[in-house]
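The values are calculated or read from the model by the stated rules, or taken from the named source; none is laboratory data. Keep in mind it's a predicted model, so treat the numbers as computed, not measured. Cβ placement follows ideal geometry from the backbone for every residue including glycine, while neighbour counts extend to all protein chains displayed. Each accessible area value is taken on the protein alone, full model and side chains, heavy atoms only, with ligands, DNA and RNA left out. Shrake-Rupley method; radii C 1.70, N 1.55, O 1.52, S 1.80 Å.
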Amino acid sequence: MIPVLLFGLSAYASADLPATFHAASETHHVPEKVLLALSYEASHWRVDAASAWGGYGLFDLREPGEGGVPLERASVLADLSPDVAIHTARGNVDAA
């Protein structure tokens, strides 16, 4: 099933999402299938749109007080700027 999911991810030319998820899985020791499932639930793998709840990116990172994964906290823990976490697929996945 994963190859089908990864094929669907390739529709986003702005990022090599299969490689992004694989690298994050290796770096953070989180199963790739878990990252894919959580990201699909949060954004349907849309890297380019803010959610209806005010979140950003693949993992719907949000401003403090908006619920979900807090953008500032996630950015600090991943040693990234909030801009990188919002505007790059790799930054968003690493922050989440």
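Considering each residue of segment 54-66, count those that are without any contact (Cβ under 8 Å) to a residue 24 or more places away in the chain, in a loop (DSSP other than H, G, I, E, B) and either surrounded by 12 or more Cβ atoms within 10 Å (Cβ to Cβ) or polar (S, T, N, Q) (or both), and give that number.
Pass one, segment 54-66, residues without any contact (Cβ under 8 Å) to a residue 24 or more places away in the chain: 54-55, 60, 62-66.
Then keep just the ones that are in a loop (DSSP other than H, G, I, E, B); that gives 54-55, 60, 63-66.
Among the residues that remain, those that are also either surrounded by 12 or more Cβ atoms within 10 Å (Cβ to Cβ) or polar (S, T, N, Q) (or both) are: 54-55, 60, 63, 66.
Of the residues in that region, 5 qualify.
Of all residues assigned to segment 9-20, none qualifies as being modelled with pLDDT of 80 or more and more than 13 Å from A89 (Cβ to Cβ).
With respect to R73, is the statement that it is touching a Pro at 6+ places or on another chain (Cβ under 9 Å), surrounded by 17 or more Cβ atoms within 10 Å (Cβ to Cβ) and without any contact (Cβ under 8 Å) to a residue 12 or more places away in the chain true?
Values: touching a Pro at 6+ places or on another chain (Cβ under 9 Å): yes; surrounded by 17 or more Cβ atoms within 10 Å (Cβ to Cβ): no; without any contact (Cβ under 8 Å) to a residue 12 or more places away in the chain: yes.
Spelling it out, it is not the case that R73 is touching a Pro at 6+ places or on another chain (Cβ under 9 Å), surrounded by 17 or more Cβ atoms within 10 Å (Cβ to Cβ) and without any contact (Cβ under 8 Å) to a residue 12 or more places away in the chain.
Checked against (1) surrounded by fewer than 12 Cβ atoms within 10 Å (Cβ to Cβ); (2) aliphatic (A, V, I, L, M); (3) part of a loop (DSSP other than H, G, I, E, B), V47 passes all but a single condition, namely (1).
Could you check segment 76-96 and list, in sequence order, the residues that are open to solvent by 70 Å² or more (accessible area, probe 1.4 Å) and within 20 Å of L17 (Cβ to Cβ)?
Initially, segment 76-96 is screened for residues open to solvent by 70 Å² or more (accessible area, probe 1.4 Å), giving 76-77, 79, 83, 87, 90.
If the condition is that a residue be open to solvent by 70 Å² or more (accessible area, probe 1.4 Å) and within 20 Å of L17 (Cβ to Cβ), then D83, H87, R90 are the ones that fit.
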